[in-house]
Every structure is written in C-alpha cells, then in structure tokens.
Amino acid sequence: MPHFTRPIHTQSGRNSPKPPPTHIYNISEPPYQGQLPTNTDTYRRSTPNTAIVIDNGSSSVRAGWQTDATPRLQFPPLMARYTDRKLNRKLMFIGSEIYFDGTARGQAKNVYEPGSNIVNNWDVQEGILDYVFIRLGIDGRNNGVDRPVVMTEPLANTGYTRKVMSEVLYELYNVPAVAYGVDSLFSYNYNGGTTGLVVSSAHMSTHLIPVVDKQPLISQATRLDWGRAHCAEYLMRLLKTKYAGLLTSGKVNETQIEDLVRSHCYVSQDYDTEMLRLLDWSGLEARDHVVQLPFQEKEVVQKTDEEIRRAEEKRREGGRRLQEQAAKMRLDKLVKKEKDLAWLQQVQEHVQNASTKKEKQELLDDEDFRDELALDRKIKEMEKSVRKQRNKDVGDLEEEPEEPHTYPLLDIPDVDLDEDGIKAKRAQRLLKANHDARARAKAEKEAEKARQAALQQQDDMRREADPDSWIEERRAARLATMQRIKDRDRLKADLGNRKSQASQMRMKTLANLASDNPLNRKRRRGQDKEDDGFGADDADWSVYREVGRNDEDEDDEEEDLGAQLKAIEAQLLLHDENFTEEKTQEAQRDWTKSLVHSFLRGPYPFDSESAKESNQFHLNVERIRVPEVVFQPSIAGVDQAGITEIAEDILMQRLSYHPARNNILKDIFLTGGYSLFQGFEDRLRNELRAVLPVDVQLGVRRAKDPVLDAWKGAARWAGTVEAKPAFVSRAEWLEKGAEYIREHSLGNVFS
Amino acid sequence: MAPITTASNEETHGALLDALDLQKVPKPFRKPDWKPPQRRNKNLKQILSEAQRAQQSIITTQQNSGASTPLPPTDGTITPASLNPNPAQANNDLSRVVLEKNIAAQQTSGVVASLTANVGGLAVTPSVTYTSIAAAPSLKPKKKYCDITGLPAKYTDPKSGLFYFNAEVYKVVKNLSTTQVQEYLAARGANTVLK
C-alpha cells in the first residue's frame with residue numbers, strides 16, 4: 001500500500017499562458033558580399049619566391065600572398081558558367097558573386113561533391129584558380145603564374161586528385177613550384193603545437209590526428225564523415241518532417257539553413273538530461289527560437305467607417321433602382337396581360353354569338369384553341385393571375401377567398417365518365433394525394449415537436465424534483481458515451497490489424513456467407529439449390545453492418561457520439577456545481593499541457609488561420625540535436641564512432657604503449673569551423689575526462705581562429721626554411737610522376 | 001533574371017553583371033592551347049575503386065614475379081591475412097594487408113611506425129589510404145531517441161519501428177502515413193531501400 005508523506009500535486013489547470021515571443025528571427029538573405037577587389041601592388045612588390053597560399057576548403061576558399069596577415073580572398077567554392085539568352089553571350093561568375101543573380105545561383109556548381117572533401121569538379125577548380133590569380137593581380141608576364149603555390153589538401157588525399165591538381169597547376173598555369181599540406185596540421189603549427197592530438201572538425205569531415213614532436217602519425221589518424229554541411233542537411237530533414245509542407249518547393253535554400261545552424265545551434269553539456277528538460281513549460285520561451293519565413297498576409301481590407309457607409313449607400317441605391325425597374329416591368333406586363341384577357345374575352349363573346357359550329361371552330365382555331373372548354377380554362381387562368389398580380393403590386397382588388405379543394409369526380413365510378421372525365425379524375429386524384437401527403441407531413445412535424453417539448457418538460461420536472469439522482473444519471477450517461485467512443489475507436493483500429501479478434505471474427509462471418517453450407521440457414525421448400533435464401537429474413541441484412549469496414553460512413557451515421565457528449569456536458573455544466581470546466585473533454589485536450597504542441601509551436605497559442613503563424617517554425621530540440629551527431633553519429637544514421645570514442649580508441653588502444661602518449665593528452669587541439677559551436681570544447685573535455693585514467697593530465701584548447709588559422713599557418717610555413725625542400729619544381733614533377741609530392745611534417749605521406 | 005539582393009535593382013543589375021562577369025576578363029597566365037583531358041570529373045566512389053584495382057594488379061605482379069622474397073609469418077599463431085575464404089582473392093585483399101603491414105612494421109621498428117611500407121625494398125602497398133583512415137563503427141551501445149521529438153525514447157512502435165517518447169507522441173506515430181514513416185526512418189538511416 002503506497003504511503004505518501006507529501007501530498008502529490010497533480011497537474012491541473014492550464015499552464016499559465018506566456019507573452020508572445022520577444023524576438024522573432026528571420027532567415028538570412030543570400031550572402032552576396034559585393035565584388036572582391038583586385039589589388040596588384042603586392043604582386044609588383046613581390047619576389048619570385050613569394051608564394052601564393054591557397055587554402056582549398058569546402059566551406060570557403062581562402063587565398064592570398066604569403067606575406068599577408070590574413071587571406072585577402074575568402075569565397076565559397078562555387079562557379080556559375082552559362083550562356084545568357086537575352087544578351088546572347090557566355091557568362092562566368094565565381095564565389096559569392098553568384099548570389100547577385102537568381103539564374104547564376106541556380107547554375108552554380110560546387111568544386112566538391114556533396115558529402116565528400118575530395119575535389120570533384122575540375123572546371124570549377126580551374127575557374128576558382130583563375131579568379132584567385134586575377135584578383136591577386138597576376139598578369140602573366142612570364143607566360144603563366146610565376147610565383148610558387150602552396151595548397152592544402154585533405155588528409156590521405158587520393159592519388160588521382162593530386163595528380164589532376166598538379167597537372168592543372170603545372171601544365172595550365174605554368175607554376176614554377178608547388179607544395180601541398182594538410183590544413184589542420186598547418187593550424188596546429190601556427191598555434192605552437194608540437195605534441196598533441198589535433199581534432200579538426202570542419203565543413204565536410206572531422207579528422208583526429210595524433211602528432212608527436214611535430215611529426216604527424218598519419219597511420220593512426222582517423223576521419224569521421226560528419227561536418228557542418230552534414231549538419232545543415234540533417235536540420236533540413238528534421239524540419240521537413242516536423243513541419244510537413246512548409247519547407248518544400250524550395251522556400252528555404254541551403255545557405256539559409258546553414259545560417260540557421262550557425263546562429264541557433266549549440267552543443268549541450270549533458271545531452272540526455274537536457275533533452276528531457278527541454279520541452280518543459282517553465283523557461284520554454286527562452287529555449288524556443290521562432291524563425292519567420294516570408295509570407296503573404298491574407299487580404300483583410302479594413303475599410304474606414306466612411307467607406308463602409310458609402311459602399312452601403314451605393315448598394316442601397318443600386319437596389320432601389322433595380323427595384324424600380326422591376327416594378328415598372330411588372331406593371332407593363334400586367335397591363336399587357338389585361339389587354340390579352342380583354343381580347344380573349346372578346347373572342348369568347350364572338351364564339352358564343354357565332355351561329356354555326358363551323359364559325360365557332362374557325363374563331364377558335366384562329367386563337368389556337370382546341371375547343372370552348374380550352375378557351376374557358378385559359379380565360380379563367382388569366383383572370384386569376386391578373387388578379388393576384390394586381391393584388392401584389394398595386395393592391396387594388398381584394399383577395400378572393402381560396403376555394404376549398406374539391407374533388408367531385410373522385411366519387412363517380414370510372415364507367416360513368418367519358419375519356420376527358422377519366423383524365424380529369426386522375427388529375428384530381430393526384431392533387432388530392434399531394435395535398436394529403438403535405439398535410440400528413442405537417443402533422444407529423446408538429447407531433448414530433450410536441451413530443452420533444454413533453455420530454456424536455458419531463459426532464460426538467462425530474463431535475464427539480466430530485467436533482468442528485470438526475471445528476472448521477474447524467475454523469476453515468478457521459479461516462480457511457482465516452483466509453484462508447486473509445487470502443488468505436490478501438491474497433492476501428494482492430495479491424496486494421498489482421499490478427500486481432502475482431503478481424504478474425506469478421507473473416508469467419510465472410511467465410512460463412514460464402515460457403516456452400518452456411519450455418520443457420522435453412523432452405524425453404526420450393527427454392528432451388530443455388531438460392532441460399534439470404535435476404536428472405538430481414539435480420540440477414542444486418543450482416544453488412546458487422547462486416548463493412550468503411551471508415552467514411554461510420555462517423556456521421558447513426559450516432560454522432562461526439563455531439564452527444566458535448567450536449568451532456570453542457571447540461572452538466574449548467575446544473576451540476578461539481579462539474580467544472582476542468583473536467584470536460586475539451587479541457588483535457590488543452591494545448592498548454594501537450595508535449596507535441598510545445599514541440600511544434602512552443603509555449604504560444606497557435607492560430608491556424610493566421611498566415612504569419614503558419615509560416616513560422618520553432619527551433620527548440622533541434623538546437624542541440626543537430627550538433628550532437630558528432631558525438632553520437634548513430635543519431636543521424638552514420639555508422640561510425642563519435643569523436644570521443646575515436647579519441648579514446650587512438651589514445652587508449654592504438655597508442656597505449658607509446659611513450660609520448662601522456663604528452664599527447666596534455667594538448668588536445670580543436671580547430672575547424674565546427675568547433676565554433678558554443679560548448680564544444682567543454683563537452684569534449686568532460687567526456688574525455690570520463691574515459692581517461694584518473695592520474696593522466698588532460699588539456700583541451702582551441703585554435704585562436706579556428707577558421708582562418710589553417711591559411712595563416714600555411715602562409716607562415718611557406719616562409720620558413722624547412723618549407724624550402726617541400727616545394728616540388730615543375731621539372732621534378734615531370735620526372736618523378738604525376739602523383740609525386742615531397743613529404744614534410746605538415747603534409748601527407750607519399751604513397 | 002530577377003535581382004535578388006538589396007544591392008542592386010533593375011538598372012544597375014546590367015552594369016553589375018558586366019562588372020562581375022569573368023568570361024571576358026583576359027587571363028594571360030593560362031596556357032592558351034590547354035585542353036583539359038576528357039572525363040576528369042570523378043566522384044569519390046570511382047576514384048576509390050580505381051585505386052583499389054590498380055593496387056591489386058601491382059600486388060599480383062609482385063607476388064608472382066620473384067623480384068622479392070616472400071616474408072614468413074612473423075608469429076606462431078597463423079591468423080588469416082584476410083577474411084575472404086577464397087585463397088586466391090584472399091591474397092589480394094588490400095584492407096587487411098594495410099593493417100598487417102603496419103603492425104609488422106611497428107614490431108620491427110619498435111617505436112615509431114615508419115611512414116611507408118616496404119616489401120623487399122619496393123614500396124608496394126600504401127600504409128595510409130583514404131579509406132583506411134575512415135572511422136570504424138561504434139562499439140558502444142546506441143542510445144535511442146524519439147524520432148518525432150528527439151527526446152530519449154524508451155519505447156518502439158512495433159508496426160513501423162519508430163522510437164517514441166510517450167503516449168501522446170504515440171498517438172501521432174499511429175496516424176503517420178507510410179511516406180512520413182519512411183522519412184522519419186531515413187533521418188536515422190533505418191528506412192527500407194528497394195533496389
């Protein structure tokens with residue numbers, strides 16, 4: 001028996017509503033930065049040994065002279081080359097300059113294949129190199145680029161890629177000497193590292209490279225295929241499933257998603273606990289970021305009062321004018337009808353006064369009447385209609401009392417009447433039937449109303465007489481209705497599942513119906529063998545209701561249980577003091593308590609009519625979910641270990657007997673754009689601390705500028721003495737083979 | 001060709017186009033008669049498979065050419081060099097060879113692994129390739145997170161295989177269409193791919 005020492009507070013009542021969001025973020029504009037300048041000074045001042053340093057990165061290409069402090073060119077590795085139809089000439093744009101035009105942006109191609117850090121599109125690479133050389137002021141005075149080039153390449157670059165790159169540089173641009181290096185190692189060197197573990201988490205991949213005494217242990221290095229680009233793709237997928245239909249049709253493009261990742265995401269220190277607390281009501285408005293997509297406001301034209309009045313008057317005027325016109329037309333018609341009537345009456349007189357039958361007939365034919373009876377009837381009709389109209393419009397004549405409908409002919413048996421009489425009799429019978437039916441319907445309606453009124457009265461009387469038991473009764477009815485709703489839903493769900501009891505019973509029924517010897521069906525005498533007698537008994541048809549599985553018909557068919565429930569609850573609310581707003585079904589579907597609502601719309605009410613709110617999305621869980629993948633790649637389905645596990649594997653297993661291992665642990669160095677996420681460094685430190693032995697000293701630091709340090713490192717290295725032998729001259733390259741590089745401490749190994 | 005930035009409008013767009021266009025800028029540093037080789041854009045899969053094939057052909061020629069003495073196995077226990085049961089192919093299996101080479105080199109040199117592996121003086125197999133430095137799958141147990149909300153999930157829907165956090169989320173899961181279910185699973189890499 002549970003024994004509570006403290007009262008348990010159940011969640012009751014709505015959570016307190018929050019004020020509207022304080023800051024709504026907008027998605028970014030395309031990153032057009034204007035044209036990068038061309039500066040020829042440095043070229044003219046440079047010596048033949050000043051190298052051009054190019055950091056060929058997947059997020060952006062950074063290029064400049066070796067003597068610069070920072071790269072003067074930074075642009076994304078994109079190129080758009082197409083023929084413009086209107087101007088009928090070829091156009092080529094590079095880098096962020098493509099964003100100035102929509103067509104250019106659509107035609108842009110990336111150097112890298114999406115998802116990999118190996119150069120793929122060489123035309124774009126050539127375009128990029130052209131751009132770099134133009135902007136650096138190379139004028140080709142010695143038939144080509146006459147400065148050595150330092151270029152970065154990914155760790156363990158494939159031979160083919162290096163071959164084609166070297167070919168482009170040596171053959172096409174006539175570069176005198178080229179040196180390759182790994183960007184993260186340049187960054188490490190620039191930040192004064194000698195022994196440590198380089199964790200380079202960049203745009204397309206994450207590398208972990210142990211370095212001992214400035215020599216990288218490339219064979220122990222590991223690459224995890226996750227970077228900022230993958231984060232953007234993951235966020236796009238999450239948003240697509242979260243807000244169905246909102247992100248389709250190219251409303252949001254990749255640069256905007258990358259921007260969102262950069263501005264809203266951060267690395268959580270303790271993922272599981274933070275996740276559990278994230279969607280809690282308290283403090284949700286701080287954690288939930290609202291991003292507004294461009295939208296079109298639905299046209300709600302607010303007219304001023306004057307305008308409304310004016311519009312009304314115009315309408316009224318128009319109405320009045322129309323009415324007048326109509327009245328005039330009717331008057332005209334009336335006058336015409338009366339004239340016709342007078343004419344016909346004249347004809348009738350003539351006919352009556354005509355002596356011979358032939359004359360009569362002639363006169364009648366003139367007016368297209370069959371005989372006198374027809375003429376008579378027509379005249380009577382016209383008189384009636386003229387009278388009615390006159391009454392309505394002009395109000396001259398009084399209304400004649402309605403003749404009671406008589407059906408004299410019905411009493412005369414058929415034999416006594418002639419042909420016309422029979423027809424007339426039939427017409428009268430129809431009329432009578434109609435009239436009777438209508439009267440019956442009216443009577444029934446009134447009877448029904450009376451019955452309802454009587455019931456209601458009875459109910460009220462009962463309530464006043466014995467309120468408690470009435471309330472009990474209503475409550476029981478409410479519970480019964482709720483139970484019935486639940487049962488109906490469960491039945492519907494069960495029928496979908498093939499192995500459930502309901503489904504199997506249904507199958508049994510169907511099989512029984514289709515079999516040759518159905519149960520409970522005795523054949524009556526006098527029927528043939530095929531006839532199984534289905535339908536002779538009225539109860540047979542109820543089988544359709546049991547077996548039918550239509551979902552559409554069920555709901556509004558017999559009992560609208562939802563409406564019933566509402567009616568009962570309304571009654572209870574009125575008369576029962578204990579039944580408060582809380583307990584109604586409506587309150588139980590309260591959005592403030594709903595986790596899914598907090599997930600989708602934050603702690604704010606959602607108005608599905610408002611175009612503004614329908615085009616918003618809320619980033620709450622995604623803020624920590626997206627960067628977490630580098631620690632747990634299985635979240636996004638990447639079948640690799642996370643960086644903590646990789647680091648642990650390198651340090652504790654592969655290099656466990658290495659003498660420099662403890663020194664490596666003292667300097668764990670973070671570089672690359674991914675490490676810019678808030679909380680990345682602390683998280684890595686805490687996680688590593690947990691898996692390393694207690695007595696080992698652990699140091700984690702970050703590059704001073706994780707994005708640019710690779711270029712700066714390469715630039716500084718290019719001027720050092722040990723860089724000299726690393727350059728491969730053109731002649732040497734031609735001799736030693738296309739894939740040849742000179743190994744050095746900041747580059748790949750030649751294999 | 002609508003201008004899409006605030007930096008330009010209709011009139012200046014044409015001027016900006018001319019200013020930014022690189023096609024008409026002379027590039028004297030290029031060799032004028034350079035013709036790029038055909039079909040040089042290769043994606044990663046192609047590059048790697050070609051490299052693999054090239055290495056295998058070298059190994060085959062090396063092994064049967066008599067130019068180098070084959071090394072005996074270094075330790076008593078004979079672990080198969082490759083998991084491939086076919087002996088002819090097992091000899092040519094590259095991935096194990098790289099690892100074996102590294103371990104052997106470590107044991108012989110003792111301290112620092114040499115950077116290139118040699119067999120009888122000839123550099124045969126690379127010690128480091130693009131694929132060899134890829135990270136291995138994780139050995140830690142995977143944590144389950146709700147596919148809809150991202151919170152830690154304790155329950156799995158038997159019908160669709162989605163993870164969910166609580167009964168409220170389960171109601172949402174029950175009412176998803178097949179395409180939506182596959183989209184959620186695809187975000188996790190667990191969708192069914194029909195080839």
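The values are calculated or read from the model by the stated rules, or taken from the named source; none is laboratory data. What you are looking at is a predicted structure, and each value in this text was computed from that prediction instead of being measured. Positions of Cβ are generated from backbone atoms using ideal geometry, with glycine treated the same way; all protein chains shown enter the neighbour counts.
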*Looking at (1) surrounded by fewer than 16 Cβ atoms within 10 Å (Cβ to Cβ); (2) at pLDDT 90 or above; (3) facing chain A (nearest Cβ under 7 Å), which is the only condition B:Pro158 fails?*
(3)
_Hits in the stretch A:631-676 (condition: closer than 30 Å to B:Leu185 by Cβ, among the small types (Gly, Ala, Ser) and free of Cβ contacts under 8 Å to residues at least 12 places away in the same chain)_ = A:Ser634, A:Gly637
*State the number of residues belonging to the stretch A:61-79 that are out of contact with any Gly (no Cβ under 8 Å at 6 or more places or on another chain) and crowded, with 21+ Cβ neighbours inside 10 Å.*
5
*Can you work out which of the residues in the stretch A:205-220 that are crowded, with 22+ Cβ neighbours inside 10 Å and aliphatic (A, V, I, L, M) is nearest to the other protein chains (Cβ to nearest Cβ)?*
A:Ile218
*asked:* For the stretch B:173-183, which positions are in contact with a Phe, Trp or Tyr (Cβ under 8 Å, 6 or more places away or on another chain) and either facing chain A (nearest Cβ under 9 Å) or among the small types (Gly, Ala, Ser) (or both)?
replied: none
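When only residues in the stretch A:642-671 that are assigned to a loop (DSSP other than H, G, I, E, B) and in contact with a helix residue (DSSP H, G or I) (Cβ under 7 Å, 6 or more places away or on another chain) count, which is modelled with the lowest pLDDT? Outline the logic, then answer.
Filtering the stretch A:642-671 for residues assigned to a loop (DSSP other than H, G, I, E, B) gives A:642, A:655-660, A:667.
Going one step further and asking which of them are in contact with a helix residue (DSSP H, G or I) (Cβ under 7 Å, 6 or more places away or on another chain), we end up with A:642, A:655.
Details: A:Gly642: 93, A:Leu655: 85.
Restricting to residues being assigned to a loop (DSSP other than H, G, I, E, B) and in contact with a helix residue (DSSP H, G or I) (Cβ under 7 Å, 6 or more places away or on another chain), the top hit is A:Leu655.
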*Of (1) farther than 21 Å from A:Arg490 by Cα; (2) within 10 Å of chain A (Cβ to nearest Cβ); (3) touching a residue at least 12 places away in the same chain (Cβ under 8 Å), B:Ala186 satisfies all except one. Which?*
(3)
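Take the residues of the stretch A:621-663 that are away from every other protein chain (no Cβ under 12 Å) and buried (at least 21 other Cβ atoms within 10 Å of the Cβ): which is farthest from the chain's Cα centre (by Cα)?
It comes out as A:Leu651.
Do we have A:Ala715 as surrounded by fewer than 17 Cβ atoms within 10 Å (Cβ to Cβ), more than 41 Å from the chain's Cα centre (by Cα) and in a helix (DSSP H, G or I) here?
Details: surrounded by fewer than 17 Cβ atoms within 10 Å (Cβ to Cβ): no; more than 41 Å from the chain's Cα centre (by Cα): yes; in a helix (DSSP H, G or I): yes.
Against the criterion (surrounded by fewer than 17 Cβ atoms within 10 Å (Cβ to Cβ), more than 41 Å from the chain's Cα centre (by Cα) and in a helix (DSSP H, G or I)), A:Ala715 does not qualify.
Report, by residue number, each residue of the stretch A:288-311 that is outside any loop (DSSP other than H, G, I, E, B) and of a type in the set (Lys, Arg). I'd like the intermediate steps shown before the answer.
From the stretch A:288-311, those outside any loop (DSSP other than H, G, I, E, B) are A:289-292, A:305-311; that's our starting set.
A:Arg309, A:Arg310 - these are the residues of the stretch A:288-311 that are outside any loop (DSSP other than H, G, I, E, B) and of a type in the set (Lys, Arg).
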*For the stretch A:93-132, enumerate the residues that are in contact (Cβ under 8 Å) with a residue 60 or more places away in the chain, facing chain B (nearest Cβ under 7 Å) and over 31 Å from the mean Cα position of the chain (by Cα).*
A:Glu97
*Give the stretch A:183-204 a look and list any residue that's within 38 Å of the chain's Cα centre (by Cα) and either within 13 Å of chain B (Cβ to nearest Cβ) or part of a strand (DSSP E or B) (or both), or say none.*
A:Val199, A:Ser200, A:Ser201, A:Met204
*Is at least one residue of the stretch A:22-42 part of a loop (DSSP other than H, G, I, E, B), modelled with pLDDT of 75 or more and over 45 Å from the mean Cα position of the chain (by Cα)?*
yes
*asked:* in a helix (DSSP H, G or I), closer than 20 Å to A:Asp420 by Cβ, more than 60 Å from the chain's Cα centre (by Cα) and assigned by TED's automatic domain parsing to the domain that holds A:Ala424: is that true of A:Leu334 in this structure?
replied: no
*Mind listing whichever residues of the stretch A:245-283 are surrounded by fewer than 16 Cβ atoms within 10 Å (Cβ to Cβ) and touching a Gly at 6+ places or on another chain (Cβ under 8 Å)?*
A:Tyr266, A:Gln269
*Among A:Val691, A:Val696, A:Val721, which is the only one that is under 22 Å from A:His744 (Cα atoms) and surrounded by fewer than 18 Cβ atoms within 10 Å (Cβ to Cβ)?*
A:Val721
_Go through the stretch B:29-40 and report how many residues are surrounded by fewer than 16 Cβ atoms within 10 Å (Cβ to Cβ), at the interface with chain A (Cβ under 9 Å from one of its Cβ atoms) and of a type outside the set (D, E, K, R)._
3
*List every residue pair whose Cβ atoms sit under 6 Å apart, with the two residues 6 or more apart in sequence or on different chains, where the first one lies in the stretch B:50-64 and is over 18 Å from B:Tyr130 (Cβ atoms) and the second, anywhere, is surrounded by fewer than 14 Cβ atoms within 10 Å (Cβ to Cβ).*
none
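Can you say whether A:Val394 is under 30 Å from A:Val335 (Cβ atoms) and either surrounded by 10 or more Cβ atoms within 10 Å (Cβ to Cβ) or at pLDDT 70 or above (or both), as far as the supplied structure shows? Reasoning before the result, please.
Details: under 30 Å from A:Val335 (Cβ atoms): yes; either surrounded by 10 or more Cβ atoms within 10 Å (Cβ to Cβ) or at pLDDT 70 or above (or both): yes.
Taking the combined requirement at face value, the residue satisfies it.
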